[in-house]
1. Quick one: if you take sqrt(5λ) for each eigenvalue of the C-alpha gyration tensor of the range 68-147, what semi-axes come out, biggest first, whole angstrom?
2. Let me check I've understood the local charge: for Glu144, count other residues with C-beta under 12 angstrom from its C-beta, Lys and Arg +1, Asp and Glu -1. What total comes out?
3. How do 123-131, 248-256 rank on mean C-beta neighbours within 10 Å, highest first?
4. Please give the direction-averaged projected area of the C-alpha convex hull for the range 2-161, in square nanometres with one decimal.
5. In the chain, if the dipole is taken from +1 on Lys/Arg beta carbons and -1 on Asp/Glu beta carbons about the Cα centre, which of Ile281, Ile204, Leu171 is farthest to the positive end?
6. Give the cross-link partners of Lys35 among the aspartates and glutamates, using a straight C-alpha distance below 12 Å as the criterion and excluding same-chain residues fewer than 8 apart.
7. Below 15 Å Cα-Cα, how many Lys pairs turn up in the range 222-290? Only count pairs eight or more apart in sequence, or on different chains, if you could.
8. Between Lys148 and Asp248, what is the label-point separation in nm under the 7 Å Cα-to-beta-carbon projection?
Amino acid sequence: MKIGIVGTGILGEAVGLHLLDVGYEVVVFNRTKQKTENLKKNGATVVKSPKHVAENSDLVITVVKDGDALNDVIFSDSGIIAGRHDGMCIADMSTVNPNSTKEISEKVTITGTDYLEIPVMGGPNVAIDGRLVLMASGEKRIFEKFKKVFDSIAEQTFYLGNTGTAHSIKLAMNLQISMLALSLSEGITLTKKAGYDPEIFLKILNSTYFKTGMSEGKAYKMIKESYEPTFTLANLKKDLDTINDTADSCNAELPMAKLARKVYADAKDAGFGDIDYTGIIAYIAKLSEK
Ligand SMILES: NC(=O)c1ccc[n+]([C@@H]2O[C@H](COP(=O)([O-])OP(=O)(O)OC[C@H]3O[C@@H](n4cnc5c(N)ncnc54)[C@H](OP(=O)(O)O)[C@@H]3O)[C@@H](O)[C@H]2O)c1
C-alpha cells in the first residue's frame with residue numbers, strides 16, 4: 001500500500017514521519033517545498049504536484065488549511081483528480097466545514113474516486129507516535145479497506161457513518177479546545193494579577209474534577225510564556241469561523257462560540273496568529289497592560 005500526503009505542514013509532516021517509521025511507502029507534496037525536506041531525509045518521495053501524488057498512491061491523505069485549500073489540491077489542473085486511478089481513495093484529515101465536505105465528496109465520487117473524511121484530535125507530538133484520535137465518515141466499505149492505515153495513524157479510530165458527521169463532531173471538539181485555552185488563560189491571568197503564583201492555581205485545579213489534559217500539560221508552558229506552535233492560533237481562529245458558519249447553517253445559537261471567535265480574531269489581528277493557540281494567554285495578558 002502506497003500512501004500519499006498532500007500538505008506537510010505541522011500535522012501532515014508528523015503523520016508522514018510516523019507512516020514511514022512503521023514501514024509504509026510515502027509520497028508527499030507541499031506547496032512550499034521546504035516543508036518536505038525532513039520527510040525526504042526520512043525516506044519519503046517528494047513529487048511536484050498533488051497530481052503526481054495521486055498517480056503514485058493508493059490512499060491520498062490531504063492535510064491542508066481549509067475547504068478552499070482542499071478544493072485547490074483536489075480539483076486544480078495539477079490536482080489529485082488529474083492523477084486519479086481506479087481503486088484510489090482521498091481521505092481528508094484537514095478540519096473543514098461539514099457542508100463543504102459534502103460538496104467535495106460528491107464532486108470526487110462522480111469521478112469514480114473514493115472519498116472519506118478523517119479529521120483527527122491531537123497534534124504533531126502524538127501524531128509522530130501514531131497516537132491521534134481519528135473520526136471517519138463516508139462509505140463503510142471504503143473505511144474498512146483502509147482501516148489498517150487509520151489504526152496505525154491513531155490509537156483510537158471511530159467510524160461515524162455518513163459524510164459530514166466526522167467534521168461536525170470535530171468542530172464540536174475544537175470548540176472545547178478554544179474555550180479551555182481561554183478559561184485557563186483568564187484563570188492564570190487573574191491569579192497573576194491578584195499577586196499569586198499561577199502554579200498554585202494549577203496545582204489545585206489539577207487536584208479536582210475540573211482538571212483537563214490541557215490544565216495538566218500545556219498550561220505549564222502557558223505560565224512559562226512558551227508558545228512553540230503545535231497548532232497555530234490562526235488555525236484555531238479559522239476553525240472558530242467554521243464553527244460559527246456551521247452553527248448558522250443549522251440554526252444553532254452558540255453565544256460563547258461567537259465571543260470566542262472575536263477574541264481569537266482580535267488576537268490574530270494583533271499579531272499573535274503564528275504562535276501556538278495557547279498563546280491566546282499572551283494576548284489576554286496584554287489587555288491588562290492598558
Ligand atoms: N496541528 C494540529 O494539531 C492539528 C490537529 C488536528 C487538525 N488540524 C488541521 O489540519 C490542517 C493542517 O494543520 P497544520 O497544523 O498542519 O497547519 P499548517 O502547519 O498551517 O499547514 C497548513 C498546510 O496547508 C497548506 N495550504 C494552505 N493553503 C493551501 C492552498 N491554497 N493550496 C495548497 N496547500 C495549502 C500549507 O501549505 P504551505 O506550507 O505551502 O503554506 C500547509 O501544508 C488544518 O485544517 C488544521 O486545522 C491540525
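Computed from the coordinates by the stated procedures, all read-outs in this text should not be read as laboratory data. The shown structure was predicted, so the numbers you read here are calculated from the model rather than taken from an experiment. All Cβ positions, even for glycine, are placed from backbone atoms using ideal geometry, and neighbour counts span all protein chains on display.
1. Working through the eigenvalues yields semi-axes of 22, 15, 13 Å.
2. Computed value for this residue: +2.
3. On the way: 123-131: 16.9, 248-256: 9.9.
Descending mean neighbour count gives 123-131, 248-256.
4. Numbers: hull surface 31.2 nm².
So the Cα hull casts an average projection of 7.8 nm².
5. Ile204
6. Within reach: Glu13.
7. 7
8. My value for the distance between the label points is 4.5 nm.
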